[in-house]
Structure formats: C-alpha cells, structure tokens
Amino acid sequence: MLDLKYKFSGHQTFAFRYGWLEKGVRGVAEHSDLFSREDALVKLGVGKNMVSSIKHWCLATQLAEPALTVSRNGGKHLRPTDLAQQLLLGGDAWDPFLEDDASLWLIHWLLVSNASLRTIWQLLFSEFHRP
C-alpha cells in the first residue's frame, strides 16, 4: 500500500484571487527566483504572506514548476509550465487574462489532478466517493 501524504497548508489561508495566477506566472517568466527576492512584495503588489500564497497556488495549479536548469535549485527558482506559457504568455496566448470560463475549468482540473502535491482538493474530488 502506498504511503500517501496530503498537504493542507502553504496558501497562508488565502484562496487564490483574481489576477494572482497571471502575476505569478508572468513574474517567474521574468525572474525565476521571484518568490525569494526581497522586492517580491513590490513586484507582485501584495503583502508578504500573499507572496507565499501566490507561489503555492502557481505550483498547486501546475502553472509553475521548479526550474530544472538551475543547479542546487532547492525550489527557489521556478519556471512557467509549457501549458502556462501557451495559456498566459506571449502574443498568441490562448487566454492571457483568464477571462474564458474554459480556462478556469482547466485550472480547477489542474488543481484537482495534481498528483505530486496531494491536496485536499484531490482527496475530495478524486478519492472520496460518497454522495
């Protein structure tokens, strides 16, 4: 039997808010170490705990991932995932401001299907089979 470990924290009690995912993805596209920079509060325009929350939600929704090209990364350097690049970045992005309902459904699916993070969302929607 697998030893599954669920994570119930990391978001600093903040549900993700409108604009946070785009800010986070664009931010790590510009600075891979955005969330560990001293000026992250200014660049993102939020408070200290919100910076940690944005990082959590970018990772939980699979729109950001550790930058494997950085040696001894330790989780400090992130990059937008290929899907985040296509969805949010560049002149031909599918939905750069997440205005389409389909994009929001996609993000919810990415949150629930994130097997590497094992959140309460995955537990409730993927493994709890009671009415």
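The values are calculated or read from the model by the stated rules, or taken from the named source; none is laboratory data. Here the structure is a predicted model, which is why all the values come from computation and not from measurement. We place every Cβ from the backbone using ideal geometry, glycine too, and count neighbours over all the protein chains shown. The accessibility values were calculated without ligands, DNA or RNA, using every heavy atom of the protein model including side chains. Shrake-Rupley method; radii C 1.70, N 1.55, O 1.52, S 1.80 Å.
Brief remarks follow.
- Residues located in the stretch 37-65, provided they are hydroxyl-bearing (Ser, Thr, Tyr) and within 16 Å of residue 88 (Cβ to Cβ): 61
- Filter pass, residue 109 being modelled with pLDDT under 90 and buried (at least 18 other Cβ atoms within 10 Å of the Cβ): no
- Scanning the stretch 29-48 for residues that are of a type outside the set (D, E, K, R) and either in contact with a strand residue (DSSP E or B) (Cβ under 6 Å, 6 or more places away or on another chain) or open to solvent by less than 80 Å² (accessible area, probe 1.4 Å) (or both) yields 29, 31, 32, 34, 35, 36, 40, 41, 44, 45, 46, 47.
- For residue 65, the conditions (1) under 22 Å from residue 107 (Cβ atoms); (2) in contact with a Ser or Thr (Cβ under 6 Å, 6 or more places away or on another chain); (3) not in a strand (DSSP E or B) all hold with the exception of (3).
- Subset of the stretch 24-43 [without any contact (Cβ under 8 Å) to a residue 40 or more places away in the chain and outside any helix (DSSP H, G or I)]: 31, 37, 38, 39
- Scan of the stretch 51-89 for residues that are modelled with pLDDT of 85 or more and loosely packed, with under 14 Cβ neighbours inside 10 Å, ordered by number: 82
- Exactly one residue out of 111, 106, 78 is in contact with a Leu (Cβ under 8 Å, 6 or more places away or on another chain) and either in contact (Cβ under 8 Å) with a residue 24 or more places away in the chain or β-branched (Val, Ile, Thr) (or both): that is 78.
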